[in-house]
Amino acid sequence: MSDLTAIDILIDPDQAMVSRAKAANARMLESVPSGFALDEHHQPHITTLQRYVRSADLTQIFDAVQDVLESVDVGSLALTAVALRHMAVDAIPGVGLTGIVVKPGPEVLDFQAKLIDSIRPFTESGGTAEAYVRTEAEPDINQATIDYIERYVPEHSGDNYLAHVTVGVAKLDELEVLEAEPFEQLTFAPAGISVYQLGNNGTAAKHLKSWTN
């Protein structure tokens, strides 16, 4: 095992949100059949915190997350799916990585702040591809992913937090059409909290620990 592991402490969405994500993923695969399906290596989720941590300390990290969960009513975390949006993928011109944007309530940001503090003693910088899950289908980890996790705090936390459920990749011209369609908002609840080891593009690739709601 690598000295560092790239982890995602995430919210497992309820079945209503999972169904919405899988329906969007099916449309992504129509656009780019070589994209990824939501499966055991790409679990639908809402990232709360991504960090490089010492692999030897994973058990202590799970205990730290457990302590936070004992102080939080996970079922009260407010989440609403509000839009379909994308970001360009530099490595594949003309393609966008697409997600369902989720509006988090203030209690979600409080939860994130507690998690950041709880695992700070186990966090390190300087993660490499060795910290990630690599599969035959995705043997490489792109530099954008490596850098994103390195800078998750502070660039993607607190006031900069953009909650979302990644649903796949699609051609940019087709995404213009998809994103222009009316979006039916969906308020949903966490089914639980999990820790995963990350794969390429920040996917939840390997399950490490879960707490059901």
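Laid out as a table, the results:
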| read-out | value |
| --- | --- |
| Between region 83-119 and region 31-58, the alpha-carbon center distance in angstrom | 12 Å |
| For region 31-104, accessible area per residue (1.4 Å probe, heavy atoms of protein chains only), Å² | 45 Å² |
| Rounded percent of accessible protein surface that carbon and sulfur make up, the chain, 1.4 Å probe | 51 percent |
| Rough spin-label spacing in nm, given labels placed 7 Å along Cα→Cβ, for TRP211 and HIS156 | 2.2 nm |
| Under 21 Å from the Cα of LYS206 - lysines, other chains or at least 8 residues apart | LYS22 |
| Average Cα contact separation per residue, region 47-175, under 8 Å, 6 or more apart, as relative contact order % | 38 percent |
| Gyration tensor (alpha-carbon) shape descriptor, region 107-213, a/c threshold 1.5 | oblate |
| Along the chain, longest interval not containing exposed trypsin sites (Lys or Arg not before Pro), exposed being DSSP loop plus at most 15 other Cβ atoms within 10 Å | 1-133 |
| Estimated FRET transfer efficiency (ASP110, THR59; beta-carbon r; R0 22 Å; 0.05) | 0.30 |
| Projected label distance in nm at ALA144 and ALA26, using a 7 Å step from Cα toward the beta-carbon | 2.7 nm |
| Residue with peak Gaussian network fluctuation, the chain [Cα springs, cutoff 10 Å], from PHE122, PHE111, PHE183 | PHE183 |
| Sites ASP67 and ASP173 - FRET efficiency at Förster radius 35 Å, r taken between beta-carbons, to 0.05 | 0.15 |
| Contour excess over end-to-end distance, with Cα ends at GLU181 and ALA88 and 0.36 nm allotted per residue | 31.5 nm |
| Cα-based shape type of region 16-174, given that a ≥ b ≥ c are square roots of the gyration tensor eigenvalues and the cut on a/c is 1.5 | oblate |
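The values are calculated or read from the model by the stated rules, or taken from the named source; none is laboratory data. None of these values were measured; they are calculated from a predicted model. A quick note on method: Cβ atoms are made from the backbone with ideal geometry, for glycine too, and the neighbour counts reach across all protein chains shown. The protein model used for the area step is the full one, side chains on, heavy atoms only, and it has no ligands, DNA or RNA in it. Shrake-Rupley method; radii C 1.70, N 1.55, O 1.52, S 1.80 Å.
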